[in-house]
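> Attaching a single structure in structure tokens format; questions to follow.
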Amino acid sequence: MAEPVVVPAGTTAADAVAAAGMPMTGPRAVVVVRDPDGRLRDLSWAPEAEVAVEPVSVDSPDGLNVLRHSTAHVLAQAMQDLHPQAKLGIGPPVENGFYYDFDVPPLHPEDLDKLEARMREIIKSGQRFRRRQFADVAQARAELAGEPYKLDLIDSSGGFEASEVMELGGGGELTVYDNLDPATGEVRWSDLCRGPHLPSTRLIDPRGVKLMRTAAAYWRGSEANPQLQRVYGTAWPTKDGLGSYLRMLEEAARRDHRRLGAELDLFSFPEEIGSGLAVFHPKGGVIRRELEDYSRRRHEDSGYEFVNTPHITKAQLFKTSGHLDWYADGMYPPMQMEGAEYYLKPMNCPFHTLIYRARGRSYRELPLRLFEFGGVYRYEKSGVVHGVTRLRGFTQDDAHIYCTPEQLQDELASLLQFVLDLLRDYGLTEFEAELATRPERFVGKPEEWDVAEAALEQALRRAGLAYRIGEGEGTFYAPKIDVHCRDAIGRSWQLSTMQVDFQTPVRFGLEYQAADGSRQQPYMIHRALFGSIERFFGILTEHYAGAFPAWLAPVQVVGIPIRDDHAGYLSAFVDRLRAERIRAEVDTSGERMQKKIRTAQQQKVPFMAIAGDADVAGGTVSFRYRDGSQRNGVPLDEAVAHVVEVVRSRTNAGPSADLTPEAG
RNA sequence: GCCGCCUUAGCUCAGUCGGUCAGAGCGGUGCUCUCGUAAAGCACAGGUCGUCGGUUCGAUUCCGACAGGCGGCUCCA
């Protein structure tokens with residue numbers, strides 16, 4: 001945080017910042033100030049009384065938002081220069097960039113080039129941003145008569161969350177920013193906006209700006225409204241800032257699980273099966289099985305019992321659960337059979353609940369923890385299926401826990417801890433949580449919701465996990481905790497969910513007999529850890545960029561003979577590894593050694609075991625690891641023990657010669 | 001579902017302003033070659049240019065529908 005500067009009454013923030021000797025141009029330029037109330041102000045702001053403000057530089061989070069917001073204005077000006085009929089929507093900064101929505105005919109990639117060229121001209125002309133307040137709504141309406149969407153914003157401002165709409169200030173204050181020609185002071189362009197903005201377009205480095213793509217977006221986010229053309233762009237204080245952002249995008253593309261899934265022969269989406277339905281190939285199958293097996297073991301250790309349930313059911317089950325009332329549109333349509341309607345299941349919980357109800361339950365059995373890798377089918381809209389992370393058929397690692405009211409709190413706390421521990425074992429270590437509370441449409445009694453929400457919040461506190469509240473974002477039957485994880489390149493993914501459900505036990509009439517002989521209703525907790533196995537698989541693929549830890553790698557060791565006649569020696573070595581259940585093979589293809597190394601490297605095999613005359617003579621192999629490091633002349637016994645140790649440790653790092661302690 | 005774009009060999013992509021233009025690299029197969037850590041050489045095989053319909057003397061090339069995909073929007077129990 002920068003040192004505060006004092007702005008004397010009647011002078012501008014810019015004067016004070018300049019007098020303090022802070023940069024006014026360049027990659028660290030101060031672009032706005034924060035007043036004592038925390039509000040960001042233009043540098044041209046002149047307070048009526050002396051005030052201490054915090055300078056905000058363009059490379060700070062707030063400064064970047066200002067830069068991007070101002071760049072969005074430049075984009076809009078460029079758009080209206082090139083397409084005078086374009087009507088303006090909204091144009092806020094977003095993570096890593098900005099967008100602006102326009103009512104124009106659909107745009108094409110060439111249009112972006114033209115817009116960028118015009119933006120560069122505007123930026124170089126050094127237009128000044130001037131804040132101007134409308135006297136009243138009538139004046140604003142008159143001036144914005146040609147901008148129907150801006151009028152819509154003004155007319156419905158009462159219904160807006162002010163923080164979400166950059167166009168409108170708080171408290172009904174309406175302001176406009178004029179872009180002035182620096183030489184003549186003429187107004188070149190104006191936009192309804194609450195600001196703040198850069199003092200001048202000169203503060204934008206055109207080499208740090210790039211328009212990224214066009215897309216359609218509904219006006220004000222509602223399907224009921226017309227679609228506008230959205231232009232996404234990004235802006236950084238410097239050319240290097242843009243460069244490193246573009247490199248990050250390339251890195252993300254390099255990690256794309258759809259691409260890696262094909263390159264590493266993990267899974268595919270045969271058109272014949274249908275959109276959103278994946279098949280896992282043998283190598284993908286190995287990874288899945290390892291993921292699942294480890295999860296199974298951990299669940300068994302933690303008192304879960306495994307169940308199996310069918311993929312289809314008569315309609316009544318989902319009528320009882322309430323899902324048909326809420327989610328019929330998201331379910332595959334019913335099949336008629338023997339006079340009954342059958343549905344593919346979109347959820348496992350009603351099935352597990354029937355298992356609970358299959359016989360009388362005693363308080364001594366609780367908590368009863370039922371677990372299943374349950375295949376579910378959801379009719380996702382055609383535009384949303386995405387690789388393996390958004391499928392129409394997928395597998396939930398779904399558990400339902402039935403417990404007494406007294407057990408609820410401890411059960412939730414230990415459950416959350418269990419979830420976090422297990423995610424760490426798969427290599428995810430950064431978590432954020434969200435507590436999603438009662439939505440507008442819900443079932444049950446508000447008092448019950450309050451109890452459930454309080455229990456979840458308590459569990460979060462006990463776990464010491466940072467969380468935010470998602471007001472009204474719970475499901476229709478339960479509030480929930482969602483756990484989000486950050487991957488290796490900082491992207492956040494929503495994974496685990498825990499829901500406290502008081503409704504399903506009522507709907508299904510669940511009971512247990514308490515110690516005093518009375519019949520009581522259990523509480524129910526829904527919990528998914530990966531959410532979807534397939535999606536988790538995809539996320540891990542991107543997290544590890546396809547270089548899975550040794551314990552998950554589909555092929556753990558490839559033996560590479562230097563000459564063909566070393567293959568037999570390596571086969572014996574590989575047999576010893578296989579006896580230890582290591583997934584090992586010898587590359588006996590007709591290629592030369594260098595090519596085999598390249599192939600194994602591209603397949604991201606954790607251990608290459610190379611052998612030539614020297615190794616055969618010495619009874620050793622030479623390891624090459626994925627990171628290119630080497631460990632040569634390792635005696636066979638030691639080599640087997642080394643691989644076994646790395647795999648069984650389930651370490652998510654390496655392997656690498658640099659991480660391998662010299663065996664003694 | 002909505003808007004825009006895309007769909008040529010297993011993969012990545014050239015190409016046809018409608019008429020011997022169906023091509024390349026990688027991958028695959030075969031032969032030759034193999035002595036130390038990211039690509040040896042040669043040859044061969046592979047595509048009714050997503051599917052169906054229309055326009056046309058003639059369509060992979062133009063039009064339409066459908067399917068699948070990509071980027072967003074919306075949605076995500």
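> Being polar (S, T, N, Q), over 30 Å from A:Ala2 (Cα atoms) and not assigned by TED's automatic domain parsing to the domain that holds A:Pro27: is that true of A:Gln77 here? First the steps, then the outcome.
Numbers: polar (S, T, N, Q): yes; over 30 Å from A:Ala2 (Cα atoms): yes; not assigned by TED's automatic domain parsing to the domain that holds A:Pro27: yes.
The answer is yes for A:Gln77.
> Say we look at region A:580-594 and pick out the residues that are within 7 Å of RNA strand B (Cβ to nearest atom) and closer than 21 Å to A:Ser656 by Cα; which of these is least open to solvent (accessible area, probe 1.4 Å)?
So the residue we want is A:Met593.
> While we're looking at this one, here's another question. Filtering region A:378-391 down to residues that are over 16 Å from the mean Cα position of the chain (by Cα) and open to solvent by 60 Å² or more (accessible area, probe 1.4 Å), which residue is farthest from RNA strand B (Cβ to nearest atom)?
That would be A:Tyr379.
> How do the pairs read when you match residues in region A:228-253 that are surrounded by fewer than 16 Cβ atoms within 10 Å (Cβ to Cβ) with residues anywhere that are in a strand (DSSP E or B), using Cβ under 8 Å and keeping only pairs 6 or more apart or on different chains?
Note: pairs meeting the criteria are A:Leu246/A:Lys210.
> Sticking with this one: Tally the residues that are touching a residue at least 40 places away in the same chain (Cβ under 8 Å), among the charged types (D, E, K, R) and not in a loop (DSSP other than H, G, I, E, B), restricting the search to region A:548-582.
Counting residues in region A:548-582 that are touching a residue at least 40 places away in the same chain (Cβ under 8 Å), among the charged types (D, E, K, R) and not in a loop (DSSP other than H, G, I, E, B) gives 1.
> Enumerate the strands (runs of 3 or more DSSP E) found wholly within region A:171-220, keeping only those where 2 or more residues are under 30 Å from A:Arg247 (Cβ atoms) and assigned by TED's automatic domain parsing to the domain that holds A:Ala135.
A:209-218
> Could I ask something else about it? Looking only at region A:392-430, how many residues end up being within 14 Å of RNA strand B (Cβ to nearest atom) and not aliphatic (A, V, I, L, M)?
Pass one, region A:392-430, residues within 14 Å of RNA strand B (Cβ to nearest atom): A:392-394, A:396-400.
Subset that is not aliphatic (A, V, I, L, M): A:392-394, A:396-398, A:400.
The total comes to 7.
> Do we find that A:Phe373 is within 14 Å of RNA strand B (Cβ to nearest atom) and open to solvent by less than 50 Å² (accessible area, probe 1.4 Å) in this structure?
On the way: within 14 Å of RNA strand B (Cβ to nearest atom): no; open to solvent by less than 50 Å² (accessible area, probe 1.4 Å): yes.
Here the answer is no, as A:Phe373 does not meet what is asked.
> Restricting the search to region A:308-317, which residues are buried (at least 17 other Cβ atoms within 10 Å of the Cβ) and touching a strand residue (DSSP E or B) at 6+ places or on another chain (Cβ under 7 Å)? Outline the logic, then answer.
Narrowing region A:308-317 to residues buried (at least 17 other Cβ atoms within 10 Å of the Cβ): A:309, A:313, A:317.
Within region A:308-317, A:Thr309, A:Thr313 meet the criteria.
> In region A:46-75, what count of residues is obtained for those that are over 28 Å from the mean Cα position of the chain (by Cα) and without any contact (Cβ under 8 Å) to a residue 60 or more places away in the chain?
The number of residues fulfilling the criteria is 12.
> Given the conditions (1) more than 29 Å from the chain's Cα centre (by Cα); (2) within 13 Å of RNA strand B (Cβ to nearest atom); (3) open to solvent by less than 20 Å² (accessible area, probe 1.4 Å), and given that A:Leu577 satisfies all but one, which numbered condition is not satisfied?
Only one criterion is unmet by A:Leu577, namely (2).
> Answer yes or no as to whether A:Pro405 is over 20 Å from the mean Cα position of the chain (by Cα) and closer than 29 Å to A:Ala278 by Cβ.
no
Every residue, every condition in (1) modelled with pLDDT under 90; (2) within 16 Å of RNA strand B (Cβ to nearest atom); (3) under 26 Å from A:Leu43 (Cα atoms), yes or no:
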residue: A:Asp103; (1), (2), (3): no, yes, no
residue: A:Leu115; (1), (2), (3): no, yes, no
residue: A:Ile123; (1), (2), (3): no, no, yes
residue: A:Arg132; (1), (2), (3): no, no, yes
residue: A:Glu147; (1), (2), (3): no, no, no
residue: A:Ser157; (1), (2), (3): yes, no, no
residue: A:Tyr177; (1), (2), (3): no, no, yes
residue: A:Arg207; (1), (2), (3): no, no, yes
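> Could you tell me which residue of region A:596-615 is surrounded by the most Cβ atoms within 10 Å (Cβ to Cβ), considering only residues that are near RNA strand B (Cβ under 7 Å from one of its atoms) and of a type in the set (Val, Ile, Thr)?
Across region A:596-615, the extreme among qualifying residues is A:Ile610.
> To continue, here is another question. Within region A:391-427, work out how many residues are hydrophobic (A, V, I, L, M, F, W, C) and outside any helix (DSSP H, G or I).
Count: 5.
> Conditions first: (1) touching a residue at least 40 places away in the same chain (Cβ under 8 Å); (2) within 16 Å of RNA strand B (Cβ to nearest atom); (3) open to solvent by 30 Å² or more (accessible area, probe 1.4 Å). A:Glu305 passes all but one, so which condition is the exception?
Among (1) touching a residue at least 40 places away in the same chain (Cβ under 8 Å); (2) within 16 Å of RNA strand B (Cβ to nearest atom); (3) open to solvent by 30 Å² or more (accessible area, probe 1.4 Å), the lone unmet condition for A:Glu305 is (2).
> Follow-up question, since we're still on this one. Of the conditions (1) among the small types (Gly, Ala, Ser); (2) surrounded by fewer than 22 Cβ atoms within 10 Å (Cβ to Cβ); (3) part of a helix (DSSP H, G or I), A:Ser44 fails just one. Which one is it?
Answer for A:Ser44: the failing condition is (3).
The values are calculated or read from the model by the stated rules, or taken from the named source; none is laboratory data. Only a predicted model underlies this, so the values are computations on that prediction, with no experimental measurement involved. Because the Cβ atoms are built from the backbone with ideal geometry, glycine has one as well, and the counts that use them run over all protein chains shown. When the accessible area is computed, the model is the full protein with side chains, heavy atoms only, and any ligands, DNA or RNA have been set aside. Shrake-Rupley method; radii C 1.70, N 1.55, O 1.52, S 1.80 Å.
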